[in-house]
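> Would you mind keeping the following structure in view while I ask a few things?
The values are calculated or read from the model by the stated rules, or taken from the named source; none is laboratory data. Because the structure is a prediction, the values reported are computed rather than measured. When we count neighbours, we look across all protein chains shown, and the Cβ atoms used for this are built from the backbone with ideal geometry, even at glycine. Note: accessible area is taken over every heavy atom of the protein model, side chains too, but ligands, DNA and RNA are not part of it. Shrake-Rupley method; radii C 1.70, N 1.55, O 1.52, S 1.80 Å.
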Amino acid sequence: MRHIIFFLALLISASSFAARPFMTDDARLTTAGSCQVESWVRIYKDSNEKWALPACNPTGNFEITAGGGHTKNTGEVATNDYVLQGKSLFRELTTNGYGWGLAVGQINHPSTTAGPNSLGNTYAYIPLSVSTLNDKVIYHTNLGWLRDKAKNENRMTYGFGAEIQTSSRFIFIAESFGDNKAKPYWQTGGRYTLIPNLLQIDTTIGQQFNGITNTRWISFGLRYIPDSIF
């Protein structure tokens, strides 16, 4: 169970809440004056996760995400995880330009955290995105820090990814991410727009580079992104 908890923390912090299905975050925010909801299921050989993450950007340059996930491992009691994150940009991403920002958050595991509180792993990272070929290919990189409360140690986290627009509605993604204590993970897949500026679906497959099959996953996601709410 401890391994699963850290793996979830790594997935969140190395990525946190990039536009589905990315794990590597981008230097973009939810549309100003609006909210979005990203939800997905990730299936492993011996476990599965269900996540829902609402995010809002009421002021234009500060996005707040608050949500949670439900994890069930074969033969074990299910656990819940909760996340709170804030993100802002220092430079907005432009076509054939670049953008970067800062995200800070915390992952809570109430059922496994000792003591009278539900505080868990704290993390921060810098997302950097570079646009090329008039936004047809955009590269993303993350460099961050994670405080692993269970092991009482600090970890460096990272992510590198690319999104390639193959049509007006489909984007192909490929990426690698991890930390300085273990072998990295890879993921590839795509996102399809069902209704422009409103609804997207996605799917990915991924695994750790060590080849162990119980780290392999497949995911399916749904992203609701209305133009305006406020």
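Let's see how each residue does on (1) touching a Lys or Arg at 6+ places or on another chain (Cβ under 7 Å); (2) open to solvent by 70 Å² or more (accessible area, probe 1.4 Å); (3) among the polar types (S, T, N, Q):
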{"position": "80", "(1), (2), (3)": "no, no, yes"}
{"position": "84", "(1), (2), (3)": "no, yes, no"}
{"position": "89", "(1), (2), (3)": "no, no, no"}
{"position": "120", "(1), (2), (3)": "yes, no, no"}
{"position": "138", "(1), (2), (3)": "no, no, no"}
{"position": "156", "(1), (2), (3)": "no, yes, no"}
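> Quick one: which residue in 215, 166 is open to solvent by less than 20 Å² (accessible area, probe 1.4 Å) and either without any contact (Cβ under 8 Å) to a residue 40 or more places away in the chain or over 16 Å from residue 26 (Cα atoms) (or both)? Even if it seems obvious, please write down each step before you answer.
On the way: 166 fails: open to solvent by less than 20 Å² (accessible area, probe 1.4 Å).
Checking each option against the conditions leaves just 215.
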